[in-house]
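Right, one structure below, let's go through it.
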Amino acid sequence: MTRITAAALLGISGLILAGCRQDMHDQPKFIPLRMSDFFADKRSARPMVEGTVARGQLKEDTYFYTGKIGTQEGDVMPFPVTADVLARGQQRYNIYCSPCHSELGDGNGMIVQRGLRRPPSYHTDRLRKAPIGHFFDVMTNGFGAMPDYATQIPVADRWAISAYIRALQLSQNAQQADVPAGMQVVPESQLTSTVPATNTPGSGATEPPKQVKGGETK
Ligand code: HEC
């Protein structure tokens with residue numbers, strides 16, 4: 001008797017379980033690229049709605065991504081230049097650009113010294129006057145013999161490098177008037193004439209060596 005009950009229970013639960021499985025297996029769905037009779041073109045995968053934008057690819061801020069206003073290279077940074085931005089730009093510049101352009105930007109980088117084609121110096125009138133968007137554009141699309149760096153350098157870093165190149169240019173072509181009041185360096189000629197000699201670096205700290213009389217040293 002108990003055996004029959006047990007067998008019946010087993011049979012019933014088996015049926016119930018099988019019933020559950022059946023629905024899961026036969027649900028109406030298309031696996032990727034499977035044919036369909038439902039749509040006229042027989043494709044189950046539907047074309048994208050016009051104007052669909054993939055996540056993270058909206059690129060709404062055109063200037064940030066192209067450096068251009070219309071077809072013209074722009075001359076403004078798309079975000080504020082802080083000390084952090086410049087430090088980042090310097091670090092990225094030294095990694096990606098200095099091998100050819102040199103850390104100074106004069107075009108005399110290490111692989112140029114070993115024979116690669118020499119790029120122009122950044123310290124020419126033409127490139128000093130070039131809008132900042134030009135540097136961004138050169139990195140984004142390449143320029144003549146120079147390949148683009150769009151895949152290696154993210155957009156914000158390309159701007160940081162552009163800002164740093166501006167700083168490099170200023171560093172090689174600065175006037176006294178560019179320095180904020182109170183931070184101007186006094187020219188050396190004035191230093192020696194107005195400051196007492198004992199206060200100038202290197203002269204006051206150590207006493208002149210004492211004269212040793214001939215007999216005392218030996
Ligand atoms: C492999 C060497 C090499 C590297 C690395 C390199 N450049 Fe250049 N770059 C060149 C050469 C060569 C030219 C000259 C191209 C020409 O005139 O055909 C050039 C030209 C330029 C110019 C001048 C464009 C003009 O208007 O004349 C700029 C600006 C510039 N590069 C920026 C950069 C920046 C920024 C980086 C780093 C992201 C970089 N380059 C990395 C080789 C290089």
Residues of region 117-129 that turn out to be touching a residue at least 24 places away in the same chain (Cβ under 8 Å), among the basic types (Lys, Arg) and near the ligand (Cβ under 9 Å from one of its atoms), as a count: 1
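Residue-wise test of (1) over 15 Å from the mean Cα position of the chain (by Cα); (2) open to solvent by 50 Å² or more (accessible area, probe 1.4 Å); (3) closer than 20 Å to residue 165 by Cβ; (4) modelled with pLDDT of 95 or more.
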residue: 51; (1), (2), (3), (4): yes, yes, no, no
residue: 55; (1), (2), (3), (4): yes, yes, no, no
residue: 59; (1), (2), (3), (4): yes, yes, no, no
residue: 64; (1), (2), (3), (4): no, no, yes, yes
residue: 68; (1), (2), (3), (4): yes, yes, yes, yes
residue: 74; (1), (2), (3), (4): yes, no, yes, yes
residue: 87; (1), (2), (3), (4): no, yes, yes, yes
residue: 93; (1), (2), (3), (4): no, no, yes, yes
Of everything in region 137-168 that's in a helix (DSSP H, G or I) and among the aromatic types (Phe, Trp, Tyr), which residue is farthest from the ligand (Cβ to nearest atom)? 159
Would you be able to say whether some residue in region 32-40 is of a type in the set (A, V, I, L, M, F, W, C), in a loop (DSSP other than H, G, I, E, B) and open to solvent by less than 60 Å² (accessible area, probe 1.4 Å)? no
Expected output for region 71-94 (first residue in contact (Cβ under 8 Å) with a residue 24 or more places away in the chain, partner of a type in the set (S, T, N, Q), Cβ below 7 Å, 6+ apart or cross-chain) is none
Which members of region 57-112 meet the condition of being assigned to a helix (DSSP H, G or I) and either among the basic types (Lys, Arg) or touching a Ser or Thr at 6+ places or on another chain (Cβ under 9 Å) (or both)? 65, 66, 88, 89, 92, 101, 110, 112
Going through region 98-116 in order, the residues found to be near the ligand (Cβ under 8 Å from one of its atoms) and open to solvent by 50 Å² or more (accessible area, probe 1.4 Å) are 111, 116
Residue 172 touching a residue at least 60 places away in the same chain (Cβ under 8 Å), open to solvent by 70 Å² or more (accessible area, probe 1.4 Å) and either under 20 Å from residue 119 (Cα atoms) or not acidic (Asp, Glu) (or both): yes
Filter region 117-136 down to residues that are open to solvent by 40 Å² or more (accessible area, probe 1.4 Å) and not in a helix (DSSP H, G or I) and give me whichever is nearest to residue 170 (Cα to Cα). 124
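The values are calculated or read from the model by the stated rules, or taken from the named source; none is laboratory data. Keep in mind that this is a model prediction, so the values were computed, not measured. Don't worry about glycine lacking a Cβ; one is built from the backbone with ideal geometry, like all the others, and counts go over all protein chains shown. Just the protein is used for accessible areas: all its heavy atoms, side chains included, with ligands, DNA and RNA removed. Shrake-Rupley method; radii C 1.70, N 1.55, O 1.52, S 1.80 Å.
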